Structure formats: structure tokens, C-alpha cells
Amino acid sequence: MLVVLGEDHKRLRNLALALVTSTKLKPSYLGDIEKIALHIVGSWHGKDKGSRITFCEEARKFAFSVIVKQVLGLSPEEPVTAMILEDFLTFMKGLISFPLRIPGTPYAKAVQARERISRTVKGIIEERRKVGSCKRDDFLNVLLSTNELSDEEKVSFVLDSLLGGYETTSLLISMVVYYLGQSAQDLDLVKREHQGIRSSKGKEECLSSEDYKKMEYTQHVINEALRCGNIVKFVHRKALKDVRYKEYLIPSGWKVLPVFSAVHLNPSLHGNAQQFQPCRWEGGSQGTIKKFTPFGGGPRLCPGSELAKVEAAFFLHHLVLNFRWRIDGDDVPMAYPYVEFPRGLPIEIEPICSVS
């Protein structure tokens, strides 16, 4: 979907929107997110004070488990989920490597990993068709009901959906933890907000869409992490006709590379641009929003942007209520060109109480 144009892009985008719409409308969606968040966070509770975890790995497990559940209906406990995740990690390492298909190179390994994922997804599709009128509540059923795509395109679209709902979402969560780990004041404000939400609910009561709407400061933190972290550094565009921008002329056929960080970290557009200040989002400043494009814009605006924020907010809810943490050593996000934490963001954790 990143490279197709015109009617093909419109067709695929409509399917992507169908995924988002069907997901948001499902009563089980928020419950699935919370259950998986509790599964990940709960697994840390056997650890002693000062135990270290590699947070990026945990965030990947969470984000991947959520998107696999929504797209393919697979739970984190199923062996096939772990198998797909392992292949996906190999696929991601070679996705932007030099395209040299020699055995042992990251690119060759990525091609092989994609073939294995494709075979797994094809197997799931074939099994689903054998069952007939399956009642599983996931996007694969939506996809199988359409005649607009060939089987190969459906498999490819599943892979695109998994990729879109996994890499950037997990990095967003890691980025939020990174910045909050350096700002005790903002962490305290987030914690108070979530304590207030939890105090109004029963001990085992799940979070609701109304609870999500109350997470206002959490949204400020997420927006500021997106602005400072610039998870998507740039997008690829091509001028289909001559375009005049201010005093510049972009000739037809030229490639254009809009760099989001050039806007998000521009001190003339954002005061104290290099500083993490969630309070800049208070009051819903339209001036700030217009200078903020972490999910792209126009007809290519990321269709899953709101889903990513919901996942980050729900995960953060259970993290701040159950653990204190500090970043272990020096680890800063760097672009390769995708943003990564070179050490995987190791953090020391200390349990506060039992999982909510």
C-alpha cells in the first residue's frame, strides 16, 4: 500500500479502513488489548526489585500480539503466533538492507522469512475456508469475503496489516517509556490520571472507551513522544505535475522526501522544540496540531493512527499502576533509517503492587 497509486491505492486503503472500522466497532477490541497488556506486564511480577528487562522486546510482543489477534484471530499463547513473530523480526532486519540475495545476508534471510510467513498465512486461509461459515471475529473473515483481491494479494495485504500494526506501535510505546523515564513530573501526572480512572472502577473491571476519553494527559504525552521521537522520519512522494512551493519549483517526475522531524523539531514552529513538554498540547492548540504530521496526511493518512494511540494508552495504564522503572545505562533512539534503540531500551523495574 506504500507504493501503489491511483485506483489501486484507493482500493487497498478502503480495505485498510475496513480493518480499522471493524476493529473499533468490536466490543471485544478493548478487552483484547487489555488482556494482552496484562499478560505482558503480569509476566514481570515474578522478578525481584531491580530486575532488568529489554523493554523494546516486551513492547514488540505486546503490539504484535494485539495485531495478530485482530487480523488473524490468534492468541499470544498459540505456537503459531510466536513462529510468525520470530519470522517477522528477521523480515524487519532485512526490509531496508542492501538487496543482495546471497545466502546469509539480511536481505536473503528476510526474503526467506517472508516466504515462511506467507505459507503460514496461506495455511490459515485454507483452514478457514475448509471450516466454511466461520464465526471467528477477525479481519481475515472480512478479507475472505471480498472478491476484489486474489489470494496472493490477500496474503500480501495481511502482511502489510501486520507490519503496519506492529513496528511503529511498539516503537511508540517504547518512546513514551523512554521520555517518561526522564521526566518524573510528567510521569507523576500520568500516574495520577490513571489512578483516578482505576479508583472509579471495580478491581477486575476492564477499561472502556469512556475511560480512554479520560486519558487526556496521557494523550498529550503520546503526542509529544511522537513529535520528539519522530518514529516515522519521512515519507516518499513523487510530483505528478509541476508543483510550485513558495519560491521553489518541483518539476514533474521529481521525487520528494518530506522529513517530518524537520517540522516537528523546528524551533520557529514549536517553542523549546528539543525539549519533551507534553503540556504544550493542553487546550487542544490548533496551531500545534497543524504543525504535527506523525501519521502523514491527506489520502495517505495512516488509517490505524487512533488504534496505535489506544494500545499505547492501555499499556501505559497497567505499567504506571504496577511498576516503577528507570532506564539502565545510556540508550537513545537512533535512525537506521528506521528509529531504533541500539540496546533495546533496558530498564530496571520495581513492582508497586499486584496487577490490576
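Going through (1) 1.02; (2) 1.17; (3) 1.53, the figure that equals Cα Rg over 2.2 N^0.38 Å as computed for the structure here is (1). Couplings 3J(HN,Hα) of the range 78-86, computed from phi: 6, x, 5, 5, 5, 5, 5, 4, 4 Hz, in residue order, whole Hz [Karplus 6.51 cos²θ - 1.76 cosθ + 1.60, θ = phi - 60°; x for Gly and Pro]. FRET efficiency for E126 and R11, Cβ-Cβ distance as r, R0 = 30 Å, nearest 0.05? The computed FRET efficiency comes out at 0.80. Under the criterion of Cα pairs below 8 Å and six or more residues apart, the relative contact order for the range 231-302 equals 26 percent. For a straight C-alpha distance cut-off of 26 angstrom, the lysines reachable from K93 (same-chain residues fewer than eight places away being disregarded) are K61, K69, K109, K122, K154, K233, K255, K309.
Projecting the Cα positions of G46, H194, P351 onto the charge dipole of the chain (unit charges on Cβ atoms of Lys, Arg, Asp and Glu, taken about the Cα centre) puts H194 furthest along the positive direction. Mean-square fluctuation check for the chain, GNM, Cα pairs under 10 Å: which of R280, R300, R244 is largest? Of R280, R300, R244, the most mobile in the Gaussian network model is R244.
The order of the peptides 343-349, 77-83 by mean Cβ neighbours within 10 Å, most packed first, is 343-349, 77-83.
Between G31, G94, G298, the GNM of the chain built on Cα springs shorter than 10 angstrom shows G298 fluctuating the most.
What order, most packed first, do the peptides 251-263, 217-229, 183-195 have when packing is the mean number of other Cβ atoms within 10 Å of each residue? The partial results should precede the final answer.
Numbers: 251-263: 12.6, 217-229: 22.6, 183-195: 16.3.
Result, highest mean first: 217-229, 183-195, 251-263.
Distant-in-sequence amide contacts of L149, defined by a placed amide H-H separation under 5 Å and a gap of 5 or more residues or a different chain, comprise nothing.
Could you tell me which of P99, A37, F88 has its Cα farthest along the dipole of the range 34-102 towards the positive end, charges placed at Cβ (Lys, Arg +1; Asp, Glu -1), taken about the Cα centre? Most positive-ward Cα: P99. Taking θ as phi - 60° and the Karplus parameters 6.51, -1.76 and 1.60, the scalar couplings of the range 51-64 work out to 5, 10, 10, 8, 5, 4, 5, 5, 5, 5, 4, 5, 4, 5 Hz in sequence order, x denoting glycine and proline. The H on the amide N of I250, modeled in the peptide plane, is under 5 Å from the matching H of V243, R244, Y245, each at least 5 residues off or on a different chain.
Per-residue ellipticity at 222 nm from helix content only, as computed over the chain with -39500 (n - 2.57) for each DSSP H run of at least four residues, stands at -17500 deg cm²/dmol.
By per-residue mean of other Cβ atoms within 10 Å, what is the highest-first order of 96-103, 52-59? Walk me through the intermediate numbers first.
Numbers: 96-103: 10.0, 52-59: 20.0.
Taking the mean over residues of other Cβ atoms within 10 Å, the ranking is 52-59, 96-103.
Taking Cα centre as origin and charging only the Cβ of basic (Lys, Arg, +1) and acidic (Asp, Glu, -1) residues, the dipole magnitude of the chain rounds to 760 debye.
Relative contact order of the chain: what whole-number percent is it, with Cα pairs under 8 angstrom and at least 6 residues apart?
Values: 434 pairs, mean separation 82.5, N = 356.
This gives 23 percent for the chain.
To the nearest 0.05, what FRET efficiency results for A184 and S43 with a Förster distance of 35 Å applied to their C-beta separation?
Working: r = 26 Å, r/R0 = 0.74.
Efficiency, rounded to the nearest 0.05: 0.85.
Near G73, the amide H atoms lying under 5 Å from its own belong to F139; only residues 5 or more places off or on other chains count, and H is placed 1.01 Å from N. Across the range 210-225, coupling constants 3J(HN,Hα) worked out from phi with the 6.51/-1.76/1.60 Karplus curve, θ = phi - 60°, read 5, 5, 4, 5, 7, 7, 5, 5, 4, 5, 4, 5, 4, 4, 5, 5 Hz, and Gly and Pro carry x.
Based on the Cβ-Cβ distance of S51 and E306, what FRET efficiency does E = 1/(1 + (r/R0)^6) give at R0 = 22 Å, to the nearest 0.05?
Numbers: r = 34 Å, r/R0 = 1.53.
Taking R0 as 22 Å, the efficiency between S51 and E306 is 0.05.
Using a probe radius of 1.4 angstrom, the carbon and sulfur fraction of the accessible surface of the range 111-204 is 47%. Structural descriptor for the range 65-175: relative contact order 29 percent, calculated from alpha carbon pairs under 8 angstrom and at least 6 residues apart.
Ranking P258, L15, F139 by Cα position along the charge dipole of the chain, where only Lys, Arg, Asp and Glu carry charges on their C-beta atoms, puts P258 farthest toward the positive end.
Counting only heavy atoms of the protein chains, get the accessible area per residue of the range 142-266 (1.4 Å probe) and round it to a whole Å² value. Let's see the in-between values first.
Working: 6500 Å² over 125 residues.
Ligands and nucleic acids excluded, the figure is 52 Å² per residue.
Seen from A16, the other residues with C-beta closer than 12 Å to its C-beta sum to a net charge of +3, counting Lys and Arg as +1 and Asp and Glu as -1. For the range 61-95, the residues whose backbone nitrogen is under 20 Å from a point 7 Å from the Cα of C206, taken along Cα to Cβ, are 62-78. Less than 15 Å apart at the alpha-carbon level, and either on another chain or at least 8 residues along: which aspartates and glutamates does that give for K49? By straight Cα distance, K49 reaches D328, E348, E350.
The values are calculated or read from the model by the stated rules, or taken from the named source; none is laboratory data. Keep in mind that what you see is a predicted model, and the values were worked out from it rather than measured. Here Cβ is always computed from backbone atoms with ideal geometry, including for glycine, and neighbour counts include all displayed protein chains. Protein only, heavy atoms only, side chains kept; ligands, DNA and RNA dropped before computing areas. Shrake-Rupley method; radii C 1.70, N 1.55, O 1.52, S 1.80 Å.
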